[in-house]
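Remarks on the structure that follows.
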Amino acid sequence: MQASISLSAASHSSIVRSDRTVEFISNIKPVNLRFCGLRREALGSYALKRPGSRLVSLLGRRSLTEVSASLSSNGVSSKGFDYDLVIIGAGVGGHGAALHAVEKGMKTAIIEGDVVGGTCVNRGCVPSKALLAVSGRMREFQNEQHLKALGLQVSSAGYDRQGVANHANDLASKIRNNLTNSMKAIGVDILTGVGTVLGPQKVKYGKVGFSDNVITAKNIIIATGSVPFVPKGIEVDGKTVITSDHALKLESVPDWIAIVGSGYIGLEFSDVYTALGSEVTFIEALDQLMPGFDPEIGKLAQRVLINPRKIDYHTGVFASKITPAKDGKPVTIELIDAKTKEPKPTLEVDAALIATGRAPFTKGLGLENINVETQRGFIPVDERMRVIDKNGNLVPHVYCIGDANGKMMLAHAASAQGISVIEQVSGKDHVLNHLSIPAACFTHPEISMVGLTEPQAREKGEQEGFEVSVAKTSFKANTKALAENEGEGLAKMIYRPDTGEILGVHIFGLHAADLIHEASNAIALGTCIQDIKFAVHAHPTLSEVLDELFKSAKVCGVTSPVKEPVAV
Ligand SMILES: Cc1cc2nc3c(=O)[nH]c(=O)nc-3n(C[C@H](O)[C@H](O)[C@H](O)COP(=O)(O)OP(=O)(O)OC[C@H]3O[C@@H](n4cnc5c(N)ncnc54)[C@H](O)[C@@H]3O)c2cc1C
Ligand SMILES: NC(=O)c1ccc[n+]([C@@H]2O[C@H](COP(=O)([O-])OP(=O)(O)OC[C@H]3O[C@@H](n4cnc5c(N)ncnc54)[C@H](O)[C@@H]3O)[C@@H](O)[C@H]2O)c1
């Protein structure tokens, strides 16, 4: 990206928060702009033409000179402190908090003990989605019936394992660089080493074996994330018994792999491995596969994502001991019944992927210095991410966000929690509604959800004395889905018929991960069904699945507040 003349390099880039915004900056070019010179007038005139843009909101509040000055430096710290904010951990949570803090004028530092980007960028969302992009195409190219229905002929589908692995690795490097540059450009101090809390406003950091640096900060955010959880008795060798950290490198594609745990990681990797030719055996401790999903969606997902594929499964069993392959012997998996603890027949497979959840990473953090005890490893926080000590009191000026607090182990939740904390420390009370945060599993087709499942909603309804209704629509009636020959899918909304409040939405089908946002935004903004049902959707699009869903809900006897018509 190029620097501007009237705005400094730092200030120009400071507007960059995501790839989309980078594009937006580049898109300014046609409006009176000669790169690499983003002239003041150009920026001003563009800003006026695009109401609602980030530039307009910045320029609307302050003069361009002020914006330029404040954006080109990383704030000035409050009196008596080295920084306004120190963040421990430069994963997506820490990154989201850092960017928002600088925008709010805070002098900010972020401490990272390993590589910038944390789990999501280096060992999670990013490389896994690169592998899933490949598995989606392989699946399509191998599906003769599907191709025939579209009138297509593909002679044969194949892949180069190292090429696929490189795609995942290259994507992670690219996003890691973007993340690092976005912080450097706005002057966030990226400090290298392990961070340890010395007190509510004091942190040390440094490389092991070197002398420590002590810094003070008005506020501290702990954002140290998580690592794979490996149950007792399971020996990981990184080759034949692996976690997602190893699997993402795709060093091999085993003929037969057991996946222990059928949550997000297990399910996404089953999609990757079966598309690349492996046979999969699921081992799941609970009585059903995908126990975290809405049961009806889970059932449909099993019918489409499990049963027709080379996948078998054992539910209600624990993997009590797993021994890696050695001296020509296969991987052995000893199983016990999850309830009775009776031994079950031992499995012998080529490899095993352990996908049994994640453990918070709080080692060496110095929590004892602020009188904090973890709970099952997680750092206890209240609804504002304020850390709670072992006596139940709030630790002043210390917050914890992301996987380390265990509220919702998702990348965008970590980042949203970080932004929420910054809002609070800059004087605006803010509580994040976790029931409005969407989640998605990127299988083919995808699964997405927001809010409560049907059983959770019914339980809440019983406790609080309200009725619960369910509306459903199928992808089979959607023109766009049928044009793509992808009519297998269901959208389901759980709602209150008395008020029109949306309690939860679950989608299984093509691009479900993108479709969920209309519902999650409605929940976040408190939009009721009787209002959203009049919103117009372009035809033919998959979004009409949700349009149908909203229209098919039966909200009784409620009228929304009358809104003044908006003149256009
Ligand atoms: C295979 C896989 C796929 C995933 N896919 C998705 C997905 O598609 N969508 C989604 O929303 N989520 C996904 N997740 C979950 C997502 O990756 C996490 O929720 C997210 O990374 C959490 O962010 P965080 O900032 O809390 O922690 P992390 O990303 O784990 O970052 C924490 C950082 O802190 C550093 N650190 C730790 N201790 C210290 C210390 N004492 N001093 C200095 N630095 C320290 C670590 O090195 C790390 O860089 C996936 C996870 C996995 C494993
Ligand atoms: N697309 C996404 O958003 C995405 C993708 C991957 C991971 N993640 C996040 O990463 C986290 C970890 O994912 P995950 O799939 O490892 O965890 P998970 O909690 O989603 O699923 C773990 C599964 O393993 C089972 N299990 C636990 N111990 C077992 C044992 N000894 N034997 C047999 N089964 C056992 C559990 O019953 C559960 O079904 C999740 O919280 C998720 O939010 C998100």
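Setting aside same-chain residues fewer than 8 positions from LYS184, which aspartates and glutamates have a Cα under 15 Å from its Cα?
Result set, ordered by chain and number: GLU103, GLU112.
Based on the alpha carbons, how large is the Rg to Rh ratio for the stretch 401-467 when Rh follows Kirkwood?
1.08
Which length gain, in nm to one decimal place, applies between LEU482 and LYS249 when the Cα-Cα distance is subtracted from 0.36 nm times their residue separation?
80.3 nm
Check every DSSP H run in the chain and write down those whose alpha carbon atoms cover 27 angstrom or more along the long axis and whose mean Kyte-Doolittle hydropathy is -1.0 or greater.
Those that clear 27 Å and a mean of -1.0 are 161-185.
Can you tell which of SER155, VAL214, ALA404 lies farthest toward the positive end of the dipole of the chain, using +1 and -1 charges on the Cβ of basic and acidic side chains (Lys, Arg; Asp, Glu)?
About the Cα centre, the residue reaching furthest to the positive side is VAL214.
Run the dipole for the stretch 392-541 about the Cα centre, Lys and Arg Cβ at +1, Asp and Glu Cβ at -1, nothing else charged, and hand back the magnitude in debye, nearest 20.
The calculated dipole for the stretch 392-541 is roughly 80 debye.
May I ask for the net charge around PRO127, where only other residues with Cβ less than 12 Å from the Cβ of PRO127 are counted and Lys, Arg are +1 while Asp, Glu are -1?
+2
I'd like the FRET efficiency for LYS460 and LYS239, computed as 1/(1 + (r/R0)^6) with the beta carbon distance as r and R0 of 56 Å, rounded to 0.05.
So, using R0 = 56 Å, E works out to roughly 0.75.
Dipole of the stretch 361-491 (Lys/Arg Cβ +1, Asp/Glu Cβ -1, origin at the Cα centre): which of SER474, GLN424, VAL450 lies farthest to the positive side?
GLN424
With contacts defined as alpha carbon pairs under 8 Å and 6 or more residues apart, what's the relative contact order of the stretch 107-205 in percent?
This gives 46 percent for the stretch 107-205.
Placing +1 at every Lys and Arg Cβ and -1 at every Asp and Glu Cβ, with all other atoms neutral, what dipole size does the stretch 182-337 have around its Cα centre, in debye to the nearest 20?
700
Find the relative contact order for the chain and round it to a whole percent, using C-alpha pairs within less than 8 Å whose residues are 6+ positions apart.
Once normalised by length, the contact order is 12 percent.
Per the helix-only calculation at 222 nm, which mean residue ellipticity applies to the chain, given -39500 (n - 2.57) for every DSSP H run of n ≥ 4 and division by its residues, nearest 500 deg cm²/dmol?
-9500 deg cm²/dmol
Residues with beta-carbon under 12 Å from that of ILE297, excluding ILE297: net charge, scoring Lys, Arg +1 and Asp, Glu -1?
0
Report the gain in length on full extension from LEU394 to ALA538: 0.36 nm times residue separation, minus Cα-Cα distance, nm rounded to one decimal.
47.0 nm
Is any residue of the stretch 221-264 close enough, with backbone N under 18 Å, to a label point placed 7 angstrom from the Cα of HIS434 along the Cα-Cβ axis, and if so, which?
From the stretch 221-264, the list is 222-227, 264.
Using the Cα centre of the chain as origin and beta-carbon charges of +1 (Lys, Arg) and -1 (Asp, Glu), tell me which of ASN433, ALA483, ALA301 is placed farthest towards the positive end of the dipole.
Checked the options; the winner is ASN433.
Please work out the C-alpha center-to-center distance from the stretch 236-298 to the stretch 331-352 and express it in whole Å.
16
Is the shape of the stretch 420-568 best called rounded, prolate or oblate, per the rule: a/c under 1.5 gives rounded, else a/b larger than b/c gives prolate, else oblate, with a ≥ b ≥ c the square roots of the Cα gyration tensor eigenvalues?
Note, shape of the stretch 420-568 comes out rounded.
In the P(r) worked out for the stretch 353-438, what percent of Cα pairs fall beyond 20 Å?
36
How far apart, in nm, are the 7 Å Cα→Cβ label points at ARG376 and LEU286?
Between ARG376 and LEU286, the simple spin-label model gives 1.2 nm.
With charges set only on the Cβ (+1 for Lys and Arg, -1 for Asp and Glu), what does the dipole of the chain come to about its Cα centre, in debye to the nearest 20?
My answer is approximately 1640 debye.
Can you compute the radius of gyration and Dmax for the chain, using only the Cα atoms, both in Å?
According to the Cα coordinates of the chain, Rg and Dmax are 25.4, 77 Å.
Cut-off under 24 Å on the C-alpha distance; same-chain residues fewer than 8 positions from LYS492 excluded. Which lysines are left, in chain and number order?
LYS299, LYS460, LYS472, LYS476, LYS480, LYS533, LYS551, LYS554
With a ≥ b ≥ c the root eigenvalues of the C-alpha gyration tensor of the stretch 485-526, is it rounded (a/c under 1.5), prolate (a/b larger than b/c) or oblate?
Oblate.
On each of the three principal axes of the Cα atoms of the stretch 246-352, give max minus min coordinate, whole Å, ordered largest first.
45, 36, 22
Keeping all protein chains in place, calculate the accessible area per residue for the chain (probe 1.4 angstrom), answer in Å².
Result: 48 Å² of accessible area for each residue.
The values are calculated or read from the model by the stated rules, or taken from the named source; none is laboratory data. Because the structure is a prediction, the values reported are computed rather than measured. Glycine also receives a Cβ, built like all others from the backbone with ideal geometry; neighbour counts cover every protein chain displayed. Each accessible area value is taken on the protein alone, full model and side chains, heavy atoms only, with ligands, DNA and RNA left out. Shrake-Rupley method; radii C 1.70, N 1.55, O 1.52, S 1.80 Å.
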